[in-house]
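S.K.: First the structure, which I've put down as structure tokens, then a few questions once you've had a look.
Coordinate-derived values only; no laboratory data. Because the structure is a prediction, the values reported are computed rather than measured. No Cβ is skipped: glycine too gets one built from the backbone with ideal geometry, and neighbour counts run over all protein chains shown.
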Amino acid sequence: MREIVCDVAVIGAGTAGIGAHRAALKEGARSVLIEQGPGGTTCARVGCMPSKLLISAAEAAHGAQSADVFGVRVADVRVDGPAVLRRVRRLRDDFVGSVFEGLENLPPESRLTGRAVFEGPDTLRVDDHTRLRFKAAVLATGSSPSVPEPLRSLSDRVLTTDTLFEIDDLPDSLAVLGAGPVGLELAQAMARLGVRVSVFDPGNSLGGLRDPDLSRAAREIFSAAFDLRLGTEVEAGEVEGEGVRLSWKGGSGRFTRVLSAAGRPPNVRGIGLEETGAKLDERGSPAFDPRSQRCEGTSLFIAGDANADRPILHEASRQGRIAGRNAARLASGGSVERPERWTMLAMVFSQPQIAAVGGGFDGEAGHRVGRADFCDQGRARAMDRAQGGLRLYAEPDGRLVGAEMIGPEVEHLAHLVAHAVQDGLDAKTFRDRPFYHPTLEEALDTALAGLTERDG
């Protein structure tokens, strides 16, 4: 077994790991990037990119099927499932390829392939071929989809985001377990592509919405798009013919396939974290500072999905850069930085879209609320997408702290609000900006007016 000594070891070549490795190299550290495979980032391989490709196909089908409302007649709309999935995989592979091209530009001596396991607070073993001694390390091992215990015996009849995009054709029917962002996006996309879809979730929230008004609107909107069963937990499943039969309290049903969208736990077990001196919780995850990314009492940093804090690409990228810089500084005897965190920004690319900014709705915080609805807004009606609403939350002094929204193209409105919250703007200052007519952005002006009218 060969021995290597470095300043920084980075475990995982996903979004956070690549960012950490580049940042450490930029700081002048001897950094080694270790990837078990398959690599290419979760986003590009099995996350945001292939899902958006499927959603785009679904939107094209829905647009053609619903064009009559505009007086446009489209006859004989047919969804070619194999062609849809071939396009998803082709463009997905292009995105993954661009990630690998970036890795190939890194110095070859700074990369290792294999499974890394900690042997001590400053030592890693990579498979059985390399022992790596480091001064600081970045854990960026990502996450993996979970499958509920009652369904683990159903084999390939249960899909996850790791396997969904590899199927040859769209299933006739699909049970989706989980009504969070991933489950909601894929359920609606499949339904618009002609799949009979049922969504099960033991909770009562859709897409992470917490505002009572918007949650009610979301339930009404999506229950018209597919069979929605909130407050329902699937208790058992068994193979039946070419499909599966699922059972839940008060009922059962047969489906061609099941999609488990019940979360992605971090990949932190079985890699020897107990040998590092890190303080681990009951799930085996280390306690860490979410600003510096440093694990308590160690020279270990953790970033991206591995820390399960904000499993979103832009956050993973920034966390990786912070962790890589801090690891390099610690390795050279310097002090770590603790930059302020970005305002939380989360989105669901359903139609209508869902977004949350900052802390979102908090019924006990005493926030002032600014309201706007898209149901009677001119631009939304012109687009035949007049659904949902927007809520802005502010402190009693008017300072904006967050928002929740469901409506057409709210990804753009959410960015504006996130920047305003990040910059510490109050409602009056934010409203003193141009809002063009007729645009969806006018909903912000409406909500801000509700927050500022009492202030004169």
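S.K.: Can you give me the C-alpha center-to-center distance between the range 6-48 and the range 407-456, rounded to a whole angstrom?
M.R.: 38 Å
S.K.: Next question. R0 = 30 Å: FRET efficiency of Asp156 with Asp227, Cβ-based, nearest 0.05? All intermediate terms of the calculation are to be shown ahead of the outcome.
M.R.: On the way: r = 23 Å, r/R0 = 0.78.
It comes out at approximately 0.80.
S.K.: Determine the gain in length on full extension of the stretch Glu101-Asp172; use 0.36 nm per residue of separation and subtract their C-alpha separation, reporting nm with one decimal.
M.R.: Working: separation 71, 0.36 × 71 = 25.56 nm, distance 3.75 nm.
Extra length available between Glu101 and Asp172 comes to 21.8 nm.
S.K.: So, one more: What residues of the range 258-301 lie in the reach of a label at Arg196, counting those whose backbone N is under 18 Å from a point 7 Å from the Cα along Cα→Cβ?
M.R.: Backbone N within reach: 258-259.
S.K.: Rounding to the nearest 20 debye, state how big the charge dipole of the chain is about its Cα centre with +1 on each Lys and Arg Cβ and -1 on each Asp and Glu Cβ. Please list the in-between numbers first.
M.R.: Details: 55 positive and 64 negative charges, 126 e Å.
Roughly 600 debye for the chain.
S.K.: Kirkwood hydrodynamic radius, the chain, all distinct C-alpha pairs: what's the number in Å? Intermediate results must be reported in sequence, preceding the final value.
M.R.: Details: mean 1/r = 0.0418 Å⁻¹.
So the Kirkwood estimate lands at 23.9 Å.
S.K.: Still on this structure, I have one more. Hey, what number do you get for the chain at 222 nm if only DSSP H runs of n ≥ 4 count, each worth -39500 (n - 2.57), divided across all residues, to the nearest 500? Provide the component values of the computation, followed by the final result.
M.R.: Values: 11 runs with 136 residues, N = 456.
It comes out at -9500 deg cm²/dmol, rounded to the nearest 500.
S.K.: When N is the residue count of the range 345-455, what does its C-alpha Rg come to as a fraction of 2.2 N^0.38 Å? Show your work: numbers first, answer last.
M.R.: Working: Rg = 12.8 Å, N = 111, 2.2 N^0.38 = 13.2 Å.
In units of the 2.2 N^0.38 Å rule of thumb, it is 0.97.
S.K.: For the range 149-260, what is the charge dipole size about the Cα centre, in debye to the nearest 20, if Lys and Arg each add +1 at the Cβ and Asp and Glu each add -1 at the Cβ?
M.R.: 360 debye
S.K.: Moving on to the next point. Find the centroid of the Cα atoms in the range 90-167 and in the range 306-326, then give the distance between the two in whole Å.
M.R.: Result: 16 Å between the Cα centres.
S.K.: Let me ask you something else. Projecting each Cα onto the charge dipole of the chain (Lys/Arg +1, Asp/Glu -1 at the beta carbon, about the Cα centre), which of Gly398, Gly28, Leu444 comes out farthest on the positive side?
M.R.: Sorting the options by dipole projection puts first Gly28.
S.K.: Residue farthest toward the positive end of the dipole of the chain, with Cβ of Lys/Arg at +1 and Asp/Glu at -1: which of Pro121, Pro148, His314?
M.R.: Going by the Cα projections, it comes out as Pro121.
S.K.: Nothing charged except the Cβ atoms of Lys and Arg (+1) and of Asp and Glu (-1): what's the magnitude of the dipole of the range 345-455 about its Cα centre? Round to the nearest 20 debye. Working shown, then result.
M.R.: On the way: 11 positive and 18 negative charges, 30 e Å.
That gives the range 345-455 a dipole magnitude of about 140 debye.
S.K.: May I ask you to work out the translational diffusion coefficient for the range 396-456 at 37 °C, viscosity 0.692 mPa s, via Stokes-Einstein with Rh from the Kirkwood sum over Cα pairs, reported in whole µm²/s? Working shown, then result.
M.R.: Details: Rh = 11.9 Å.
Result for D is 276 µm²/s.
S.K.: Straight-line reach from Lys249: which lysines have a Cα under 21 Å away, not including same-chain ones fewer than 8 places off?
M.R.: none
S.K.: Rounded to whole Å and sorted largest first, list the principal axis extents of the Cα atoms in the range 149-260.
M.R.: Over the range 149-260, Cα extents along the principal axes are 42, 29, 22 Å.
S.K.: Any chance you could run the full-extension gain for Met383 through Ala449? It's 0.36 nm times the residue separation minus the Cα-Cα distance, nm to one decimal.
M.R.: Between Met383 and Ala449, full extension yields 21.3 nm more.
S.K.: Can you list the lysines whose alpha carbon sits under 26 Å from that of Lys279, skipping same-chain ones fewer than 8 residues off?
M.R.: Answer for Lys279, where 26 Å is the Cα cut-off: Lys135, listed by chain and number.
S.K.: What's the extension gain from Glu119 to Asp281 if we count 0.36 nm per residue and subtract their Cα-Cα distance?
M.R.: On the way: separation 162, 0.36 × 162 = 58.32 nm, distance 1.96 nm.
This chain segment gains 56.4 nm when fully extended.
S.K.: Among Leu280, Gly241, Phe374, pick out the residue whose Cα is farthest towards the positive end of the charge dipole of the chain, where Lys and Arg carry +1 and Asp and Glu carry -1 on C-beta, about the Cα centre.
M.R.: Projecting each Cα onto the dipole axis, the largest value belongs to Leu280.
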